[in-house]
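Reviewing the structure listed below.
The numbers here are math on the coordinates, done by the rules we state, and not lab data. All of these numbers come straight from a predicted model, not from anything done at the bench. Note: ideal-geometry Cβ built from the backbone for every residue, glycine included; neighbour counts use all protein chains shown.
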Amino acid sequence: MRIWLPPALLSALLYALSAGMPVLEPLFQWVQPDKQNVIYERESFLFLLQNHLMLVVISALVGTLAAVAGGIFATRPSGRDFLPLVSQIASIGQTFPPVAVLALAVPVLGFGEAPILVALILYGLLPILRNTLAGLEGVDATVRQAALGMGMSPVQVLLQVELPLAGRVILAGIRTSVTINIATAAIGSTIGARTLGDPVIAGLVNGNTAYVLQGAILIGLLALTVDSLFEAVERVWDRRFLPQTAS
Amino acid sequence: MIELKNVTRRFGDAVAVDRINLTVETGEVCVLVGSSGCGKSTTLRMINRLLPHSEGEILVDGKDVTAMNPEQLRLNMGYVIQGTGLFPHWTVARNIAMVPQLLKWPRERIDERVHELLTLLDLDPAAHASKYPQQLSGGQAQRVGVARALAANPNILLMDEPFGALDAITRENLQQEMLRIQTQLRKTTVFVTHDIDEALRLATRIAVMDRGRIVQHDTPENILRRPASDFVENLIGKQDRGLKLMSLRTVRDLMETYPQPRQPEPGTDGLKEEDSLRVALSIMLWQNWNQVPVFSADGEETGTITRERIIQEGA
């Protein structure tokens, strides 16, 4: 149970801060003495948190499905011709800044949640795809050969041998992707999506550092919470599939 | 029984296996031997259809393998490879249980079988069943590999340089183990190796391969006595052919048997009936003995053997 303690504590802290930000008013008054209004009130922090999280979760789910499916396809005998192409896309795609994806998506999809969702999915897909390829390619060839030679069907080899062995690496890819996307989702505020980036943008526009801080703290805390959740999941995974290496 | 008829395998333009004909009788150990790249592993993998053959026919118990479902075919063929290919995320017990599980045996029967196989391969079930492959030594891991191949009691055993990566002592132990298991189980075995000594030791018949062809297919003794070509002669080594012949025969062949087995005096040194003549001669030379008592497996003194006899008739 101790594994789950850090994410539980962090989520409690995140929730408490989102719900009770006004309590910290004196602190922010000290940061920004020249403004009357130092707590962002246009939208509740809980609502922004919820919306932000939803964007990240949806993009992570869609991205994971697409990336793992793509990775599996590119490592099957029938799709192996595409392997160099797919792994190149995975590498080149990451050099593309997310703001550029947004700029390209807005003319097509308009303002709001849709373009940021597209950007998050595309951008989040790449680390997962890269890790899926690395994980599946990293499975010892003799293990695969033995599995086939002993009479497993290709699907059984994939589900019982390759995915459990590659899963840890794929999971690490999802972790990277989600962490990056929590930060990237905040940019969505510039094109009208409601996220924890809202107070940051508003603060920058009005010269109100207190707003910027509130948004930034919550985004940072959300990233930490989710990361510690992944840490816990990875430990549980190790116990389940790699018990000899788990401490 | 496995029959290969005019089997050819091409990789692009290169011919890896060139119109080979080979029959492996039921219960015999056929060893494919040759230098690397001679097509011996390719031949083995065509038998369980890990590689398709380009031409010719492969029959297992009279049935064409291409007509069978590849998974069904392989489930009835134990497969042991170099480097074991054990599943690192499964325990030893689950690794061995793999094929029975695919065949949907009931739980108790699988557990019983795993226990039986670990014991057969001289591994303590209590100590090893719940270990992971990384926690085993190379020799233990390959024993588990053999146990896994035998799990569902297949008729056929395919072994692709199974002991190639092991040190000399472990390899010899496992070869001995294999001979012992083979006398019990009599599996139709195709065994690939590049080590001619291993081939001479384990084979009922050896197929020597060179550049995709079988250059000689015969018993170990005939291969040594009448090598078909210079290639075979080089492979077996001209110089110590005599000693190699002696290692094919056992003390039992040349000993003088007593009419009645005797109870040996405690502390008497001697040879065992199943020791090879080569070992016998070596011990006699080292100890400077001319005549040595011979003991049976259950410790009775059953006869004697002399140095003269070994030298005159051994090879």
Original post:
With the contact rule set at Cα under 8 Å and sequence spacing of 6 or more, what percent relative contact order holds for chain B?
Top reply: 19
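Among DSSP bridges having both ends in region B:188-298, what percentage is antiparallel? Round to the nearest 5.
On the way: 6 of 8 bridges.
Within region B:188-298, antiparallel bridges account for around 75 percent of the total.
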**OP:** Report, to the nearest 10°, how far helix A:197-206 tilts away from the longest principal axis of the Cα atoms in chain A, using its own Cα long axis and a range of 0 to 90°.
**Re:** 40
Original post:
According to the square roots a ≥ b ≥ c of the eigenvalues of the Cα gyration tensor, what is the shape class of chain B, taking rounded for a/c under 1.5, prolate for a/b larger than b/c otherwise, and oblate for the remainder?
Top reply: oblate
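Rounded, prolate or oblate: which fits chain A when a ≥ b ≥ c are the square roots of the eigenvalues of the alpha-carbon gyration tensor, with rounded for a/c under 1.5 and prolate only if a/b beats b/c?
On the way: a/c = 3.58, a/b = 1.80, b/c = 1.99.
Cα axes put chain A in the oblate bin.
Using DSSP, restrict attention to beta bridges with both residues in the protein assembly as shown and report what percent are antiparallel, rounded to the nearest 5. Can you show the working numbers first?
Details: 28 of 49 bridges.
Of all bridge pairs located within the protein assembly as shown, approximately 55 percent are antiparallel.
Run the numbers on region B:144-301 and let me know its relative contact order in percent, using alpha-carbon pairs under 8 Å that are six or more apart. Write down the numbers at each step before the final one.
On the way: 152 pairs, mean separation 22.4, N = 158.
Reported as a whole number, the value is 14 percent.
Arranged by the count of other C-beta atoms within 10 angstrom, fewest first, what order do B:Arg19, B:Arg74 take?
Values: B:Arg19 15, B:Arg74 27.
Final ranking by Cβ density, sparse to dense: B:Arg19, B:Arg74.
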Original post:
Which residues' amide hydrogens lie under 5 Å from the amide hydrogen of A:Leu196, considering only partners 5 or more residues apart or on another chain, with H built in the peptide plane?
Top reply: A:His52
**OP:** Quick one: angle between helix A:45-75 and the longest Cα principal axis of chain A, in degrees between 0 and 90, rounded to 10, please.
**Re:** 20
Original post:
Angle between the Cα long axis of helix B:277-287 and the longest principal axis of chain B, 0 to 90 degrees, nearest 10?
Top reply: 40
**OP:** Can you tell me the FRET efficiency between B:Asn21 and A:Asp140 if r is taken as the Cβ-Cβ distance and R0 is 35 Å, rounded to the nearest 0.05?
**Re:** 0.50
**OP:** In whole Hz, with x marking every Gly and Pro, tabulate ³J(HN,Hα) for region A:92-104 from phi via Karplus 6.51 cos²θ - 1.76 cosθ + 1.60, θ = phi - 60°.
**Re:** 5, x, 6, 7, 8, x, x, 4, 5, 4, 4, 4, 6
**OP:** Rounding to the nearest 20 debye, state how big the charge dipole of chain B is about its Cα centre with +1 on each Lys and Arg Cβ and -1 on each Asp and Glu Cβ.
**Re:** 940
**OP:** Apply the Karplus parameterisation 6.51 cos²θ - 1.76 cosθ + 1.60, with θ equal to phi minus 60°, to every residue of region B:158-167 and state each ³J(HN,Hα) to the nearest whole Hz, in sequence, with x for glycine and proline.
**Re:** 10, 10, 9, 6, x, 9, x, 9, 9, 6
Subject >> Peptide B:81-93, shielding by other chains (average Cβ, 10 Å cutoff) >> reply: 5
**OP:** List, in order, the whole-Hz ³J(HN,Hα) value for each residue of region B:40-54 obtained from phi through the Karplus relation with A = 6.51, B = -1.76, C = 1.60 and θ = phi - 60°; use x for Gly and Pro.
**Re:** 6, 5, 4, 4, 4, 6, 6, 5, 9, 6, 5, 10, x, 8, 7
Subject >> Placed amide H near B:Phe295: partners under 5 Å, 5+ positions off or other chain >> reply: B:Leu271, B:Lys272, B:Glu273, B:Thr302
Original post:
Can you list residues whose amide H is under 5 Å from B:Asp210's amide H, if they're 5+ apart or on another chain and H is modeled 1.01 Å from N?
Top reply: B:Val215
Original post:
Treating the beta-carbon of each Lys and Arg as +1 and of each Asp and Glu as -1, no other charges, what is the dipole magnitude of region B:210-315 about its Cα centre, to the nearest 20 debye?
Top reply: 540
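Averaged over A:150-158, how many beta carbons belonging to a partner chain fall within 10 Å of each residue's beta carbon? Don't skip to the end; give the middle numbers.
Details: counts 19, 17, 6, 5, 2, 0, 2, 0, 0.
Average per residue, whole number: 6.
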**OP:** Just name one of A:Ala60, A:Thr209, A:Gly20: the one whose Cα is farthest towards the positive end of the charge dipole of chain A (beta-carbon charges, Lys/Arg +1, Asp/Glu -1).
**Re:** A:Ala60
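Relative to the Cα centre, what is the charge dipole magnitude of region A:197-244, using +1 at the beta carbon of each Lys and Arg, -1 at the beta carbon of each Asp and Glu, and rounding to the nearest 20 debye? Can you show the working numbers first?
Values: 3 positive and 5 negative charges, 28 e Å.
The dipole of region A:197-244 has a size of about 140 debye.
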